[in-house]
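Notes to accompany the following structure.
The values are calculated or read from the model by the stated rules, or taken from the named source; none is laboratory data. This one's a predicted model, so the numbers in the text were calculated from it and none came from an experiment. Heads up, the Cβs are rebuilt from the backbone with ideal geometry, glycines too, and the neighbour counts pull from every protein chain shown. We work out accessible area using only protein heavy atoms, side chains counted, and drop any ligands, DNA or RNA first. Shrake-Rupley method; radii C 1.70, N 1.55, O 1.52, S 1.80 Å.
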Amino acid sequence: YNEDIYPKVYETAKKILTYSPANLDALFYFNREQAEYDAKMFQQAIDDIDKAIALQPGLPMFYIEKGRLCYRVKLFDVAVEALAKAVEMDNDNADTHYLIARCYMAAKDYESAKVSMTKAKELGHFDAEAKLGEINRLLAK
């Protein structure tokens, strides 16, 4: 793992944008967001995933990525909003329901967390049962 590579990748991507902005598509912004995320350049990553969504709003993958990113930087409301859009497009993704539940847990909204974690469990998420037990213990307090 070379920590110096991500800022270099980001700078290269910025140069590409300067040379041919008309040729850039949602996948370009998604890939650049991945590099920015790895480099802990979170605001730039949020900006780029938003550009990817604007260019191709019908892909749940972009909303899931925005949710994951916003969860990482503790923007739980924004994460839930993005993940809810992903669920509207694909309600059968256990990971999405699990991540929504984790956002609710972090925000201490355990009732909503229980609903989402139950759905993740129904869909077969490997860790949902254990987290559901944790949620139930928190609700019992």
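Only one of the listed residues (ARG72, ARG137) is surrounded by 13 or more Cβ atoms within 10 Å (Cβ to Cβ) and either touching an Asp or Glu at 6+ places or on another chain (Cβ under 8 Å) or modelled with pLDDT of 95 or more (or both). That residue is ARG72. State whether one or more residues within the stretch 52-60 are more than 20 Å from ASN91 (Cα to Cα), assigned to a helix (DSSP H, G or I), under 14 Å from the mean Cα position of the chain (by Cα) and modelled with pLDDT under 95. No, the conditions are met nowhere in the stretch 52-60. Taking the criterion of being farther than 24 Å from ALA107 by Cβ and surrounded by fewer than 16 Cβ atoms within 10 Å (Cβ to Cβ), the residues of the stretch 29-59 that qualify are ASN31, ASP38, ALA54, GLN56, PRO57, GLY58. Is it the case that the stretch 125-139 has a residue that's on the phi > 0 side of the Ramachandran plot and not in a helix (DSSP H, G or I)? No, because not a single residue in the stretch 125-139 is on the phi > 0 side of the Ramachandran plot and not in a helix (DSSP H, G or I).
Is the stretch 98-107 home to any residue that is aromatic (Phe, Trp, Tyr) and either under 27 Å from GLN43 (Cα atoms) or outside any helix (DSSP H, G or I) (or both)? Yes; the residues of the stretch 98-107 include at least one that is aromatic (Phe, Trp, Tyr) and either under 27 Å from GLN43 (Cα atoms) or outside any helix (DSSP H, G or I) (or both). Per this entry, VAL80 is not counted among residues that are modelled with pLDDT of 95 or more, among the β-branched types (Val, Ile, Thr) and either open to solvent by 30 Å² or more (accessible area, probe 1.4 Å) or more than 11 Å from the chain's Cα centre (by Cα) (or both). Would you check if PHE62 is without any contact (Cβ under 8 Å) to a residue 40 or more places away in the chain, open to solvent by less than 20 Å² (accessible area, probe 1.4 Å) and among the aromatic types (Phe, Trp, Tyr)? The answer is yes for PHE62. Of all residues assigned to the stretch 98-118, none qualifies as being at pLDDT 95 or above, open to solvent by 70 Å² or more (accessible area, probe 1.4 Å), hydrophobic (A, V, I, L, M, F, W, C) and closer than 30 Å to ALA13 by Cα. Confirm whether ASP92 is among the acidic types (Asp, Glu), assigned to a helix (DSSP H, G or I) and surrounded by fewer than 22 Cβ atoms within 10 Å (Cβ to Cβ). Here the answer is no, as ASP92 does not meet what is asked.
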